[in-house]
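Student: I have a structure here, written as C-alpha cells, and I will follow up with some questions on it.
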Amino acid sequence: MSALVEGLSWLSLVLGGFFCMVGALGLLRMPDFFTRMHAASVVDTLGAGLILLGLMLQAGWTLVAVKLFFLGLLIFFVSPTATHALARASLERGLKPLLAPREDASSKP
Amino acid sequence: MMFSVAAIALLVTLALSLARASLGPTVFDRLQAANTIGTAAMLLLSVLGFLGGRPEFLDLAIVYGLLNVIGTFAVLKYFRSGDLGATSDQKADAP
C-alpha cells in the first residue's frame, strides 16, 4: 500500500473521530432539544463519512469496501429520515424551540 | 495505531451520548441520544473489525444499523400517537 493512501487514511480516521467527539459534545452541552439535534447530525454526516472513508482506503478494492459503502449508504439515507421524524414528533407534542421569536412581541418593524 | 485512535474517539462519543441519554429532560432527547449511540456503535463495530484483523464484523454493523432505525421509529411512533397500531387516518378522524 502506498504511503499516500496510508496518510490519507490516517487523516480521515483522525478527523472523523474528532468530528464524532465534537458532535457528541454538542449533544451534551447545547441548551435546547432542537440545537442538540442539530449538533448530533454532525456525528451522522461528517464523522461517519470520514471514518468510513478511512476504512475504505484501508480495505482497497475488495468486498470489504463494498460492505463499507453500503453501510455508508444506510447511514446516509436513514439518519436524516430519523432526525426529521424526531423533529416532527417533538413539534406535534408541543415542544417549542427555546429561542423562537414570540408572536406577541414587538419585533415587527 | 490509527484504528486505536478512531476507536478511542468513538468510545468518548458513546460516553457523552450516554450522559445525554441519562440526563435528557424530555423523551425526545433520550431518543436522539439513542440514535447517536446507534450510529457510533455501528462505526465502532466496523473499526473493531479492522483492529482485530477480522472485517467480517461489518455484517454485524449493517444488521445493527437496520435494527437501530426500526427501534427508533417504533418508539417514536408510540410517543407521537400513543398507540403502536395507529394510522394517520385514525389520527385525523380523532376529535
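Just so you know, all these numbers are worked out from the coordinates, no wet-lab data involved. Model, not experiment: these values are computed from the prediction. Glycine gets a Cβ as well: all are built from the backbone with ideal geometry, and neighbour counts include every protein chain shown.
Student: Using θ = phi - 60° and the Karplus curve 6.51 cos²θ - 1.76 cosθ + 1.60, what whole-Hz ³J(HN,Hα) does each residue of segment A:38-51 get, with Gly and Pro shown as x?
Tutor: 4, 5, 5, 6, 5, 4, 6, 9, 6, x, 5, x, 6, 5
Student: Ranking B:LYS77, A:LYS67 by Cβ neighbours within 10 Å, fewest first, what do you get?
Tutor: Details: B:LYS77 16, A:LYS67 22.
So the ranking, lowest neighbour count to highest, is B:LYS77, A:LYS67.
Student: Taking the Cα centre of the protein assembly as shown as origin, sum charge times position over the Cβ atoms of Lys and Arg (+1) and Asp and Glu (-1), and report the length of that vector in debye to the nearest 20. Walk me through the numbers before you get to the answer.
Tutor: Numbers: 14 positive and 12 negative charges, 66 e Å.
Charge dipole, the protein assembly as shown, about its Cα centre: 320 debye, nearest 20.
Student: Take every residue in peptide A:3-10, count the Cβ atoms of other chains within 10 Å of its Cβ, and give the average of those counts. Could the numbers behind the result be given before it?
Tutor: Values: counts 0, 0, 0, 1, 0, 0, 2, 4.
Mean partner-chain Cβ count within 10 Å for A:3-10: 1.
Student: If you don't mind, another one. Can you give me the convex hull volume of the Cα atoms of chain B, divided per residue and expressed in Å³? Present the calculation step by step, with values, prior to reporting the outcome.
Tutor: Working: hull volume 8.5 nm³, N = 95.
Hull volume over Cα atoms, normalised by residue count, gives 89 Å³.
Student: Also: Give me A:MET56, B:MET42, B:MET1 sorted ascending by neighbouring Cβ count inside 10 Å, so fewest comes first. Working shown, then result.
Tutor: On the way: A:MET56 21, B:MET42 26, B:MET1 7.
Fewest to most other Cβ atoms nearby, the residues stand as B:MET1, A:MET56, B:MET42.
Student: Tell me, what is a quarter of the convex hull surface for the C-alpha atoms of the protein assembly as shown, in nm² with one decimal?
Tutor: On the way: hull surface 59.8 nm².
Seen from a random direction, the Cα hull of the protein assembly as shown projects 14.9 nm² on average.
Student: Here's a follow-up. Between segment A:45-94 and segment B:7-37, what is the C-alpha centre distance in whole Å?
Tutor: The two parts, judged by their Cα centres, are 17 Å apart.
Student: Further question on the same structure: Sorted from largest down, what three extents in whole angstroms do the Cα atoms of segment A:3-92 have along their principal axes?
Tutor: The principal-axis extents, from largest down, are 50, 24, 12 Å.
Student: Return the calculated 222 nm mean residue ellipticity for chain B, to the nearest 500 deg cm²/dmol, obtained by summing -39500 (n - 2.57) across DSSP H runs with n ≥ 4 and dividing by the residue count. Kindly include the intermediate steps, with their values, before the conclusion.
Tutor: Working: 4 runs with 78 residues, N = 95.
Only helices count here, giving -28000 deg cm²/dmol.
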